[in-house]
Every structure is written in C-alpha cells, then in structure tokens.
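Accompanying notes for the structure given below.
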Amino acid sequence: MAATLFAGLLAGLPLAAPAATLNVLQNEAPRSMDPGDQTATFTYTVLEPLYEGLVRRNRQLQLEPALATEWSSDAAGLVWTFKLRPGVSFHDGTPFNADVVVKNFQRHLDAKRGLAASGRIRQVLASVVALDEMNVQFTLKGPYPAFLSLLTTGPALMVSPQADAAGTLSRLAVGTGPYRLVEYRSGEYVLEERFPGYWGKPGGTERIKWTWTAEQSVLNMAIQAGEVDIVNPLPPVFARMVKANTALTLHESDGAVVFFVALNLKQKPLDDVRVRQALNLATDRAALVKAIMFGFGRPANSPLSPVTPGYDASLNPYPFDPVKAKELLVQAGLLDGFSLSVAVQEPEARIAEVLQGMWAKIGVKLEVRKMESGVWSNAAFANPDQKAKEGTGAILTSWSSGVNGADMQLRPLYHTASFVPTGANLGFYSSPTLDGLLDKAAATADEAARNALYGEAQKLINADAPHVLLYYKKDLFAAQANIQNLWTEPGGGIAVRDAVKP
C-alpha cells in the first residue's frame, strides 16, 4: 500500500494521543452501546470496561463476585439467591439495588422489547424478584448448571434503568464499571475514561480509546508503526511478522470461535438436506485454513470448538469429496447446480471468495454480498420474509461461547426457540429431536451424562447440515511489548480494564 494511502487510512487513529490513553484498534465498529442488544465479541470487548454483572470471570477464567458479594441455590438448582454489593452507583448517579436487578432482567423477559441477546435469558429464567433492597432471587424454568456462566454474558450486565427508560442506551452506555463513556462518535471512535465513583479498584490507564478499520493491512501497519497499543484481532497473515518484531508481543491462544455459513432453510433448494450436505462435501476445509488462517487454525468437524466441554474430536462428517457432492445435487434434481447469495462482512469477504471458487466446481454459483457490519447485522438478523425479499440465502459468520459451555454455543445457533431476531438461529433450522437433546443436556448436572447428550447433538447437527462448518481459529492479538495486564478469553475478547501502559 502506498504511504499516502496508509496515512489517509490512519487519519482517524490517535496519532498523538497522551501516554495515559490506551489505544485499541479493532476490525469492526461496536454494534450497540447496550450490552443486552448485541452478541458480537468485539462489541463486548469495548463495553466490558463500562459494565458489570452480578458475577464475572477473573484472569484464570474462574467465577468471582462482582455486583453480588455472595450467592446460593436450593438443592434442585431452581432458585438462586444473590446478596448485592452495597454502595454502588451507575455512572449517571443512579443507585444500584435489587429493584435495578429486577428491571434489568425483566427487560429481557419482555419479548416485545426485541433485544438481540434476550433469547439467552428468556429460555432459562422464569422470574426474578427483589427480596429486599439488597437481596434478589431468581427462579429458573428448570435446572441449568451453567446459570452462573450465563450471568457473565452481555445480557446479564447491569445497565442504568434511567438510561434504559430514556431509550438512549444504544449510543450512550451507562453502567457501573471502572470506566465511563466520554464520547461515541459513530464511524470514528469510542472514548472511555476512569469513573471516579467506582466502587472497586480503579482501572489501568486514565483513558481507553477504541478505533476500528476493516482494512487488514492497516491493522498491521498501525501496530508496527506504534500508532496504536493493541490490535484485535490480528489478521493471521501478519502473525509471524509481529512475532519477529521485538517491540511487539503476539498474544496467541487456542480459540473457541467456530466459523460457518448459516444456510437459510426457508429458501429452496436449501430446504433439501442433500443440498446442504453437498455444500459441506464441496468445502475443502484444510485448503481454507491454509488460505485464510495461514496455519493459525484447524478445520471444523463439529459445531463445538475443541476447547468447549463435550466436543467430540472423533467426528469427520464431511471429508472433502466434490464427486459425492455433485451426486447429491443430481439426486436433488439440480443437475446444473444452482445460485446462492451469501451476506458477509467486509473483513471476512476473502473467506466467501475462496468458497466461491470451491463451490463453482459442483455448479453452485455463489454471489458474495460484502457489507459493513451494521448492514450485515440487519441482513443476518432479518426475519424469513425479509430474507426472502432480499434474496439472502446464506450468512457467513462465527460464534463463540467462550468458556461458558456447549449450551451457549448450540442453543443460540440451533434451537427452535432461538430464531432471529431474538436468538442467533440465522437460517431457521428446527429439529424437535435436537431441541429435546439440548433441553435435557442443559438440565443435567452430571458432566459425563451431559457431555454424552452433547455428543448426540453434534452428530445430529452434522447430519442435518444447517450450516457449512468451516474452521476454528486461534485467538491472535498484538500489543506493544510494554503493555501489561492484558488477558483474553477463548473466543477473541480481550480484557483491557486493568491494562498498564508505562
């Protein structure tokens, strides 16, 4: 890239920011300042310093108290009681108490609100009540061993009820975290600064500034040139270059992200399982990992990632077999193949273009529709009628439950109750058998028995092929070597609230 073009692309980045500002460059803009109305990993990373839930994970990924100081459940695991932390206020001065907790969860139980992440809460929680000012009680629909893990996710982060009532949360974040929002300039940056009224230990740097670009080369050049402190995620093509630079640190870990193409089962011929299986057989996953991940990934054989409890490493449902794929299309009456449109975010367009070449060999003409993240999100989470109107046959995306378990990977993506827009079942896949397996597994306390059920679920999903599974990626981010106290969860999110910049 020419130097002048590089300079232009970096114009929005903090070239001369004060040393007390931690500058983070990501590959996409935040989708909402409301943690309960988004499900994107890199949006959660921006919001994490601003918000807190009742519990959280520490650097060792263990659960620990946050806005609750202690908790207990009944013997059946149905009723959970939490004692809340006193003396906590939101950034707008609203006091935190049990009524606030009730309002936060009731907004997700209200299906009319249509918040993007509500499905996770609504499928598990029956009711929440305030016992007194500082004690709250949850009643679940059934035993759910992952309930505490659920409380660490986006929809369980506490928002100011006043800000929620005002309808301004999508742009003006108001939480209880160690940082408060100073400014969100759409298309440019998010600026956060330490909240002087924070109940706990102050954050790391004075300010955190988030910028973003879809240009992979800019992500690399910005960190190499020292214009930013952190780049997340680092495109795999530049990983070895960063590793060789002594001024930088490459943070590399096994990831929980599964990349896939969600197929619209409401659209012909994708309603035919033979067609969906053909697309899977026509996908050379090893070649895809080589072309896209440069070795920093592995072919996907399951809807679960290898770091997720219950993952079955023995599965190999779709070896690369274009001959068999073509036979299945012929059996489905598609001798001349068919045309298919896929919606893809700009940073991931290369994946779709590689698939375009692979699938062309069996007669599938793949139209790649590149979109910026906001437009893509609207297309991905559209209802069946809107997808039909727009001709959206497939969505290229990824998902990670992080360390939160198989239920939070499989339920949002494959359960009938998770149809978009309130879940992430983008292609409207529905299997009563799978729904039963997931519901039974979620209520099973014994880990071995639970994982056996998830083994059955993986096999069923693979056979029905609602997605074309692609690969698992390693989590890669780059930082200036002097930045300390950074850590990441499997899935690609990084925690920067305690980061130190000497």
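The values are calculated or read from the model by the stated rules, or taken from the named source; none is laboratory data. Computed from a predicted model, the values in this text were never measured in an experiment. All accessible areas refer to the heavy atoms of the entire protein, side chains included, with ligands and DNA or RNA removed. Shrake-Rupley method; radii C 1.70, N 1.55, O 1.52, S 1.80 Å.
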Rounded to whole Å², per residue accessible area for the range 159-226 with a 1.4 Å probe reads 43
Under a 1.4 Å probe, counting only protein heavy atoms, Trp71 has an accessible area in Å², nearest 10, of 80
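What do you reckon, how do Lys473, Lys387 stack up by accessible area (1.4 Å probe), largest on top?
Heavy-atom accessible area, descending, gives Lys473, Lys387.
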Cα extents of the range 34-138 along the three principal axes, largest first (Å)
35, 32, 30
On a 1.4 Å probe surface of the protein chains, which of Ser186, Ser305 comes out largest in accessible area, and what is the full order?
Ser186, Ser305
Read phi for every residue in the range 327-340 and hand back ³J(HN,Hα) as whole Hz from Karplus 6.51 cos²θ - 1.76 cosθ + 1.60, θ = phi - 60°, with x for Gly and Pro.
4, 5, 5, 5, 4, 7, x, 10, 4, 9, x, 7, 9, 8
For the chain, share of DSSP beta bridges that run antiparallel, in % to the nearest 5:
75
What do you get when you divide the Cα radius of gyration of the range 164-302 by 2.2 N^0.38 Å, with N the number of residues?
1.46
Once phi for every residue in the range 90-99 is put through the Karplus expression 6.51 cos²θ - 1.76 cosθ + 1.60 (θ = phi - 60°), the whole-Hz ³J(HN,Hα) values, with Gly and Pro written as x, are 6, 4, 8, x, 5, x, 8, 7, 5, 4
Given a 1.4 Å probe and the protein chains all in place, what does the accessible area of Lys83 round to, in Å² to the nearest 10?
100
How much accessible surface does Glu215 have with a 1.4 Å probe, in Å² rounded to 10?
80
Can you give me the relative contact order of the range 145-248 as a percent, contacts being Cα pairs under 8 Å and 6 or more apart?
13
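In deg cm²/dmol and to the nearest 500, what is the mean residue ellipticity at 222 nm of the chain if only DSSP H runs of at least 4 residues count, each as -39500 (n - 2.57), divided by the residue total?
Estimated from H runs of four or more residues: -7500 deg cm²/dmol.
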Given Lys440/Lys473; Lys474/Lys501; Lys389/Lys459; Lys290/Lys473; Lys103/Lys201, the pairs whose alpha carbons are separated by over 22 Å:
Lys440/Lys473; Lys474/Lys501; Lys389/Lys459; Lys103/Lys201
Quick one: which residues, 5 or more positions from Leu125 or on another chain, have an amide H under 5 Å from its amide H? H modelled 1.01 Å from N in the peptide plane, none for Pro or chain starts.
Lys141
Diffusion coefficient, µm² s⁻¹, Stokes-Einstein with Kirkwood Rh over alpha-carbon pairs of the range 416-502 at 10 °C and 1.306 mPa s:
97
Table column - 3J(HN,Hα) (Hz), the range 137-151, Karplus curve with 6.51, -1.76, 1.60, x for Gly and Pro
10, 10, 10, 8, 6, x, x, 9, x, 8, 4, 5, 5, 4, 6
The range 95-136, relative contact order in percent, only Cα pairs under 8 angstrom and at least six apart counted:
52
